1. Rounded to the nearest 0.05, what FRET efficiency do Glu100 and Ile199 give with R0 = 35 Å and r taken as the Cβ-Cβ distance? Could you check?
2. Test of understanding: what is the full-extension gain from Glu135 to Asp13, defined as 0.36 nm times their sequence separation minus their Cα-Cα distance?
3. Any lysines with Cα under 18 Å of the Lys188 Cα? List them, leaving off those in the same chain fewer than 8 positions away.
4. I want to check the label-to-label distance for Asp38 and Asp6. Put each point 7 Å from Cα in the C-beta direction and report it in nm to one decimal.
5. What ranking of Leu110, Leu160 emerges when the number of other C-beta atoms within 10 Å of each C-beta is taken as an exposure proxy, fewest first?
6. Report the relative contact order of the chain, percent, no decimals, based on alpha-carbon pairs under 8 angstrom and at least 6 residues apart.
7. Please quote Rg/Rh for region 3-201 to two decimal places, taking the Kirkwood radius as Rh and restricting both calculations to Cα atoms.
8. Toward the positive end of the charge dipole of region 3-201, about the Cα centre and with charges on Cβ (Lys, Arg +1; Asp, Glu -1), which of Tyr131, Val190, Phe180 goes farthest?
Amino acid sequence: MTKQNDLDKIRADILEQNICSDLAAEATNLVMGDGNVDAEIVFVGEAPGKNEDEQGLPFVGAAGKFLNEMLETANMQRQDVYITNIVKYRPPNNRDPFPEEKEAFWPFLLRQLEIIQPKIIATLGRHSMEYFLPEAKISEIHGQPKRINLGNQTVVIVPLFHPAAALYNGSMRETLMDDFAKVPNILKRVAERDAVLKIMTE
């Protein structure tokens, strides 16, 4: 089984189990994720918006364009990373996802991450951050890497503001771009630490 096959199985399970049937009934598409299944960085947003629902892909609207721009300024390409959301259906009128909706989709996100095995999980906005770092405030820890245990693996979480928040706020835009610029360096440090640990355990 390839990683893509395993990810396709998660999609099939969500449909078969009729997860969040109320959201599913109003949505056009189940939006699973997009990008490189071997990515070292996975970006996790909160839920699809109107454009994402129509195209079946995450972050393809205005916030997605800004995300692409930030990736480029940090010398990353969209095809090198993987992008997904906690909630896989669009909430009506782009409202915030309800706690029970996030809870219903959380196990499927964990399965995605287990398959991809990224070195860094960059959360986009407080809704995705609070599931990985429940006690944290994004205004206090944005851009700061935090190492946590997730299932049977240790991962590094980098909390970032949601790109949509920066579209209407110039100072937020600058903060987000500054935080994004740190990500390649954080990845390099994580990779170096992992290499040392590997040598020590051989």
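Taken together, the values in this text are just the output of simple stated rules run on the coordinates, not laboratory data. Everything numeric here is computed off the predicted structure, so don't read it as measured data. Backbone-built Cβ (ideal geometry, glycine too); neighbour counts: all protein chains shown.
1. Given R0 = 35 Å and the Cβ-Cβ separation, E is 0.20.
2. 40.9 nm
3. List returned: Lys119, Lys146, Lys198.
4. 1.4 nm
5. On the way: Leu110 14, Leu160 27.
Result, fewest neighbours first: Leu110, Leu160.
6. Numbers: 316 pairs, mean separation 44.9, N = 202.
Once divided by the residue count of the chain, the mean separation gives 22 percent.
7. On the way: Rg = 16.2 Å, Rh = 17.0 Å.
Reported Rg/Rh (Cα atoms, Kirkwood Rh): 0.95.
8. Checking the options against the dipole of region 3-201, the answer is Val190.
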